[in-house]
């Protein structure tokens, strides 16, 4: 027999391999970048008194503005702009459509532009809806929902009234009434911007 005692076996420490470290650092870095991007990419909702976000519209056929098939907020500068976000599938939009059309007929020759922006809708359904309600003011699709994203809408219907200087004068979440339209537009016309 040998006088040499068996050494006590030490538990082996797990070896950190290069791939595990690399993947862990990569995942943590990616999560940090995504979190930073979410915090810094969301613009705050435009509020009353702030400049309205710029937009470009390509109108549906037959629903042009001032003979133009496309327009921007800059093109409408100096006029009151009533921008209504709606959709053919929106039940509450049906409550306000006749009132928006009546207000358009009343104010179109007084420096007021009405613009309908079809949110997440398909063109045939949008046009059928406008024909059903005999809508004549300009309408455009919100291609890629860029405009609704810039205005941070919460749903449809939603209306922004922009004054002659390009500032948001009023925001209506939900259907807008003729009395509200008359009050806000009347005050803006009286103030002249």
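Any read-out appearing in this document is the output of simple, stated calculations on the displayed coordinates, not a laboratory observation. On a predicted model such as this, the values are computed, not experimentally measured, just so you know. FYI the Cβ positions are ideal-geometry reconstructions off the backbone, even for glycines, and counts take in every protein chain you see.
Between residue 75 and residue 50, the FRET efficiency estimated from the beta carbon spacing at R0 = 22 angstrom works out to 0.60. Each Cα pair under 8 Å and six or more residues apart adds its separation to the average, and for the range 56-191 the resulting relative contact order is 32 percent.
Multiplying the residue separation of residue 187 and residue 108 by 0.36 nm and subtracting their alpha-carbon distance yields 26.9 nm.
Rank-order 90-98, 113-121 by packing density, defined as the average count of other C-beta atoms within 10 Å over each peptide's residues, highest first.
Values: 90-98: 17.0, 113-121: 23.3.
Result, highest mean Cβ count within 10 Å first: 113-121, 90-98.
Average projected area of the Cα convex hull of the range 62-193, in nm²?
Details: hull surface 28.5 nm².
The number I arrive at for the range 62-193 is 7.1 nm².
When 106, 131 are sorted by how many other C-beta atoms sit within 10 angstrom of their C-beta, beginning with the fewest, the order is 131, 106. Reported to the nearest whole Å, the Cα centre-to-centre distance from the range 109-145 to the range 52-70 is 10.
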